[in-house]
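The values are calculated or read from the model by the stated rules, or taken from the named source; none is laboratory data. Fair warning: this is a prediction, and the values are worked out from it, not measured in the lab. With ideal geometry, Cβ positions are generated from the backbone for all residues, glycine too; neighbour counts draw on all protein chains shown.
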Amino acid sequence: MDDPVAYRSKVRIERVKGPLRRAYLPAEEQPTLFGVHSEIAQHYGVDPAVHAPHATTLDYNLRLDPAKREIAEHVRGFHADSCPVARTLGGCIVISTALEMEDA
């Protein structure tokens, strides 16, 4: 049977210290650092005097009633236009979204 997966990402993530991570990504010669910054650091109680700000990733996991899937898919369509972080960074980086849902 053929493998239905078209691509498996070969990424390695190392924890450096606190929220700081080093990501080894395909097609990149040097690792990429990521962690937290600004409101995200504040939300998680990370002191920027202790941990320097770095770019971050955000993942949302939804567990919802199957009857609400259509609403979640609809909201995903305009979330980035309303999200303060996405609006701030939108002209500087590519923002992509993926929606994975589990039944509640």
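Here's a check for you: in region 59-71, which residue that is at pLDDT below 85 and among the hydrophobic types (A, V, I, L, M, F, W, C) is nearest to ILE13 (Cα to Cα)?
Once the filter is applied, the top-ranked residue is LEU62.
Just checking, which of GLU28, GLU14, GLU70 is closer than 23 Å to CYS83 by Cα and among the acidic types (Asp, Glu)?
From the options GLU28, GLU14, GLU70, the qualifying one is GLU70.
Between a residue in region 62-81 that is in a helix (DSSP H, G or I) and any residue that is loosely packed, with under 10 Cβ neighbours inside 10 Å, which pairs come within a Cβ distance under 7 Å, given they are 6 or more apart or on different chains?
Partner pairs satisfying both residue conditions: PRO66/ASP103.
Can you pull out the residues in region 1-58 that are at pLDDT below 85, surrounded by 14 or more Cβ atoms within 10 Å (Cβ to Cβ) and either in a helix (DSSP H, G or I) or charged (D, E, K, R) (or both)?
ILE40
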